[in-house]
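For reference, the structure discussed in these notes is given below.
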Amino acid sequence: MEIASCMAAILLLPFLYWCFGRTLFLFIKRPVGAGMCLLTGVFVYHGLFQAEALPLIFLKSPLSVLTVLWMLTIAAVGVLWLFLERKNRKRGQNGLWGETKAAGTGAFFSKKTGAPRCISVSAAVLYLCMLLAVGVQMYYVVTSEYLGWDTLSYVATIGTSVATDTMYQYGGQTGWKRTVLDLRYALSSFYMHAAVWCQVLPVRALYYAKIVQGGVLVILTNLTVFEMGRFLFSGKRHQGRISARQTSACGAAMVIAAVFIHFFYQSAFTASEFLMKRALEAKAYCANFVLPFLFLLGLMMWRDSEKRENRVMLLAASIGSVAVSMSGLVTAPVLLTLMFIPVFWKTHTWRTARLYVLCMLPNVLYLAVYLLYSQGVLRIGM
């Protein structure tokens, strides 16, 4: 029963990510493809969760309070999504799955009517191979027997939080109650999100961490690669040579290649090693999803920095990077800085500089709090 609940959660969480992302883009009235909508929704979802979780963590509130509050938030966002979707349909704009008139779904839906298209046999075989490759990878990840000391400490953090109805008050390594709140972990609500769902489903922490967190990361990683492939083989450079259908096929081919690379490039502390063996950890999310997605957004900003949706996606990812993984505290700002340099060089506008500052601000604030804690200035007693 627990395994069935975890398998259902692997389907539910991506839908919730898409729903949160879709609500954002409906609100700003900008059409975005379903894939980018889902990926951006991850940061919107975890960013909102972080905003609710951090005050409760600092106030040492029970985990069950956060669970109830977050379920109410999901329900509220669901109602808002349905309302905006209905309003959007009345205006006769883009369809349920995002853009239909742009190239984002041109491989599968008509640009004029949004009706499903027939795809060629070769394309169908390629997409089936992609799904098979991702399925094999997911099976390998969720059934991996690797449980190192570091990995088990994260599982124990989730488990003790569920068992004691607390948040970060007990050490995952020892099970003893902490004397002070460890902001090295508590500044990110990622593992408390897992604890919330362990209460809701309900399932044991190890099952949720291994199956759900690992399975969802496989989906997010490969969807990011797919969107990157579509982006790299689109635009003016390839106009007239590669159609919308072929662009999506290029993305599928990149996913297949990436899966093979992950299987055959496993060594200590590489992104592949974290994905294939330690996918339940927040560090794995940072290495295989957060940073690659920020890189993709940097490429999109280089191509068109004036697109409002590009700016919104970048800002959402910047705000939610620490909420998804504490490892993004410094790595995300460094990558953003490197990606913004060529954009500055191209645009020479204060608007771009203002966006850069806004993207950096959340991580700078988190870093300031963490440095105060590491230097012994800031202490929250238990």
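The values are calculated or read from the model by the stated rules, or taken from the named source; none is laboratory data. Values in this document were obtained by computation on a predicted structure and should not be read as measured data. Cβ atoms come from the backbone with ideal geometry, glycine included; neighbour counts cover every protein chain shown. Note: areas computed on protein heavy atoms with side chains; ligands, DNA, RNA excluded. Shrake-Rupley method; radii C 1.70, N 1.55, O 1.52, S 1.80 Å.
Between residue 338 and residue 374, the C-beta separation translates, for a Förster distance of 30 Å, into a calculated FRET efficiency of about 0.75.
Estimated at the nearest 10 Å², the accessible area of residue 150 is 40 Å² with a 1.4 Å probe. Taken along the Cα-to-beta-carbon direction at a fixed 7 Å, the label points for residue 347 and residue 122 span 3.9 nm.
Taking Lys and Arg as +1 and Asp and Glu as -1, the other residues whose beta-carbon sits under 15 Å from that of residue 371 total +1. For the pair residue 80 and residue 152, label points projected 7 Å from Cα toward Cβ lie 4.2 nm apart. Scaled against the 2.2 N^0.38 Å expected of a compact globular protein of N residues, the Cα radius of gyration of the chain reads 0.99.
Ordered from longest to shortest, the equivalent ellipsoid semi-axes for segment 319-382 are 29, 11, 9 Å, each the square root of 5 times a Cα gyration tensor eigenvalue. Extension gain for the segment residue 232 to residue 299, taken as residue separation times 0.36 nm less the Cα-Cα distance, is 23.2 nm to one decimal.
Over segment 176-235, the fraction of Cα-Cα pairs per 5 Å bin, rounded to whole percents and listed from the shortest bin up, is 4, 14, 16, 15, 16, 12, 9, 7, 4, 2, 1, 0.
By the Kirkwood approach, averaging reciprocal distances over each pair of separate Cα atoms, segment 1-90 gets a hydrodynamic radius of 14.3 Å.
Here the relative contact order of the chain, from alpha carbon pairs under 8 Å that lie six or more residues apart, stands at 20 percent.
Please identify, among 186, 205, 124, the residue showing maximal mean-square fluctuation in a Gaussian network model of the chain using a 10 angstrom Cα cutoff. The residue that fluctuates most here is 124. Backbone amide hydrogens, once placed in the peptide plane, bring residue 170 within less than 5 Å of 178, excluding anything fewer than 5 places away on its chain.
Assuming a ≥ b ≥ c are the square roots of the Cα gyration tensor eigenvalues, decide whether segment 236-374 counts as rounded (a/c under 1.5), prolate (otherwise, with a/b larger than b/c) or oblate. Oblate. Each Lys or Arg adds one and each Asp or Glu subtracts one; over the other residues with Cβ under 14 Å from the Cβ of residue 173, this totals +1. Candidate membrane-span-like segments in the chain, meaning DSSP H helices with Cα atoms spread over at least 30 Å of their own axis and a Kyte-Doolittle mean of -0.5 or above, are 2-27, 34-58, 63-91, 121-143, 244-264, 350-374, with no membrane implied. Among 290, 364, 218, the residue with the largest mean-square fluctuation in a Gaussian network model of the chain, with springs joining Cα atoms closer than 10 Å, is 364. Taking the charge dipole of segment 222-362 about its Cα centre, with +1 at Lys and Arg Cβ atoms and -1 at Asp and Glu Cβ atoms, the residue from 246, 361, 322 reaching farthest to the positive side is 246.
What is the sum of charges around residue 352, taking Lys and Arg as +1, Asp and Glu as -1, for the other residues whose C-beta is under 13 Å from the C-beta of residue 352? Here the charged neighbours net out to +3. To the nearest 10, the accessible area of residue 71 is 60 Å² with a 1.4 Å probe. Peptides 339-350, 18-29, 275-286 ordered by packing proxy, namely the average of other Cβ atoms within 10 Å per residue, highest first: 275-286, 18-29, 339-350. Ordering 121, 168, 376 by Cα displacement along the dipole of the chain toward the positive end leaves 121 in first place; charges were set at the Cβ atoms of Lys, Arg (+1) and Asp, Glu (-1).
Between residue 177 and residue 73, the FRET efficiency estimated from the beta carbon spacing at R0 = 30 angstrom works out to 0.55.
Globularity index of segment 158-298 is 1.32 (Cα radius of gyration / 2.2 N^0.38 Å, N = number of residues).
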